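Beneath this line is the structure, given in structure tokens, with notes to follow.
Every number here is computed from the coordinates shown, using simple stated rules; none is lab data. This structure is a prediction, so every number in the text was calculated from the model and none was measured. Here the Cβ is made from the backbone with ideal geometry for all residues, glycine too, and neighbour counts use every protein chain on show.
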Amino acid sequence: MLFRSLALGSDLREALDNKEQLMLYYQPKQDLQSGQVSEVEALLRWQHPLHGFIPPAEVIPLAEQTGLIQSLTYWVIEAAIKQHFAWQQAALMITISVNISVYNLQDRHFLSSIQSLLGRYHTRGDFLIFELTESAMMSDPAHAIASITEFCKLGIQFSIDDFGTGFSSLSYLKQLPAHELKIDKSFVFNMHNNDNDAVIVRSIIELAHNLSLRVIAEGVEDKDTFDLLRILGCDAVQGFYIRRPSAASDITACLNNYHDKMRSKLHG
Ligand code: C2E
Ligand code: CA
Ligand code: CA
């Protein structure tokens with residue numbers, strides 16, 4: 001296992017150099033009030049020439065251990081920026097969420113590198129959301145608050161990912177300049193037939209709204225869960241029931257199709 005890990009580390013370095021094996025998949029986030037999809041989450045996909053698909057749950061810790069997480073995150077953000085402009089050209093205005101590691105936030109060059117990346121594309125970061133897990137934010141809350149504040153000046157918004165698993169301190173949560181809270185999928189999967197999970201989800205929705213945060217549920221796999229979340233006042237949903245993560249071209253086709261349907265509803 002250690003051997004595979006060592007070999008994979010150098011393969012990942014190579015993949016970051018030539019980029020052909022890396023790509024982003026995108027998963028829609030659907031607004032529950034309007035029914036619209038104007039946001040997606042970018043999820044890393046690595047197709048290894050020998051081992052095939054390597055899931056991000058393996059790639060990210062590997063990148064963190066081998067010091068490659070900075071260049072990997074930089075590549076992901078640049079790919080997301082390019083995709084945003086490609087969609088804009090196709091008249092689709094899409095906000096893209098990108099997952100950020102706690103190691104990125106600890107790197108003192110991260111902010112300036114993103115600042116110059118945005119500068120290179122002559123843009124602000126208003127179409128970007130950084131998703132950071134609750135446990136990463138709470139590992140050094142004072143530092144997280146300070147860094148997030150700086151990124152907000154670039155127009156980038158923050159989402160607190162995997163919420164409910166990280167033992168947040170409420171006093172810090174109140175101070176975090178985040179705009180969204182994402183309920184961890186472990187509470188969402190069975191909420192329609194498990195009262196404890198349903199109570200947790202309902203409490204998180206109330207907590208988020210009391211803190212003026214938008215709240216989104218991930219891991220929505222069926223209609224019952226979708227309907228229940230709407231009744232509970234959740235703002236948005238993400239999950240296999242809406243769509244599995246897919247290549248950008250599939251998302252473009254799916255959104256065009258959706259907009260055509262909306263237009264014909266309006267005019268017909
Ligand atoms: P995450 O940020 O919590 O992302 C959601 C994960 O749940 C994704 O797995 C997605 O494919 C999966 N998912 C979405 N809807 C459903 C559903 O309805 N049911 C189930 N069972 N799963 C669902 P994925 O793509 O394997 O990513 C796993 C984790 O790897 C992500 O969890 C995130 O923490 C990390 N990750 C992915 N891409 C990146 C990246 O570019 N950078 C960093 N730092 N982390 C990433
Ligand atoms: Ca995420
Ligand atoms: Ca999550």
Considering the chain as a Gaussian network with a 10 Å cut-off on Cα pairs, which listed residue, Ala217, Ala90, Ala248, attains the greatest mean-square fluctuation? Ala90
For the stretch 16-83, what is the charge dipole size about the Cα centre, in debye to the nearest 20, if Lys and Arg each add +1 at the Cβ and Asp and Glu each add -1 at the Cβ? 100
Check: the chain dipole with +1 on Lys, Arg Cβ and -1 on Asp, Glu Cβ, in debye: 680
Summing +1 per Lys or Arg and -1 per Asp or Glu among the other residues with Cβ less than 12 Å from Val76's Cβ gives 0
Stretched out fully, how many nm does the piece from Phe240 to Asp260 gain, at 0.36 nm a residue minus the Cα gap? 5.0 nm
Given R₀ = 22 Å, FRET efficiency for Glu64-Ala146 by Cβ-Cβ distance, to 0.05? 0.55
Total charge of the residues flanking Trp46 in space, meaning their Cβ is under 13 Å from its Cβ, with Lys and Arg +1 and Asp and Glu -1, is -1
Could you size up the charge dipole of the stretch 131-243 around its Cα centre, putting +1 on the beta carbon of Lys and Arg and -1 on that of Asp and Glu, and report it in debye to the nearest 20? 320
Which residue, chosen from Phe53, Ile242, Ile183, occupies the Cα position most advanced towards the positive end of the dipole of the chain, where the dipole is computed from +1 (Lys, Arg) and -1 (Asp, Glu) charges on Cβ about the Cα centre? Ile242
Mean residue ellipticity at 222 nm from the helices of the chain, using -39,500 (n - 2.57) per DSSP H segment of n ≥ 4 over the full residue count, to the nearest 500 deg cm²/dmol? -16000 deg cm²/dmol
Please give me the summed charge of the neighbours of Ser169: other residues whose Cβ is under 14 Å from its Cβ, Lys and Arg +1, Asp and Glu -1. -1
Mind checking which lysines have their Cα closer than 19 Å to the Cα of Lys29? Skip sequence neighbours fewer than 8 apart in that chain. Lys182, Lys185, Lys223, Lys261
FRET efficiency for Ser112 and Glu221 from the Cβ-Cβ distance with R0 = 45 Å, rounded to 0.05, comes out at 0.65
Expected output is a single nm value to one decimal: the length gained when fully extending between Ala247 and Ser212, i.e. 0.36 nm times separation in residues minus the C-alpha distance. What is it? 9.3 nm
Sparse-neighbourhood loop hits (trypsin sites (Lys or Arg not before Pro), the stretch 80-123; DSSP loop; Cβ within 10 Å at most 16 others) -> Arg108
Largest first and to the nearest Å, give the Cα extent of the stretch 116-211 along each principal axis. 50, 25, 21
Return the single residue from His143, His48, His122 with maximal mean-square fluctuation; model: Gaussian network over the chain, springs between Cα atoms under 10 Å. His122
Everything considered on the Cα gyration tensor (a ≥ b ≥ c; rounded for a/c under 1.5, else prolate if a/b is larger than b/c, else oblate), the chain must be described as rounded
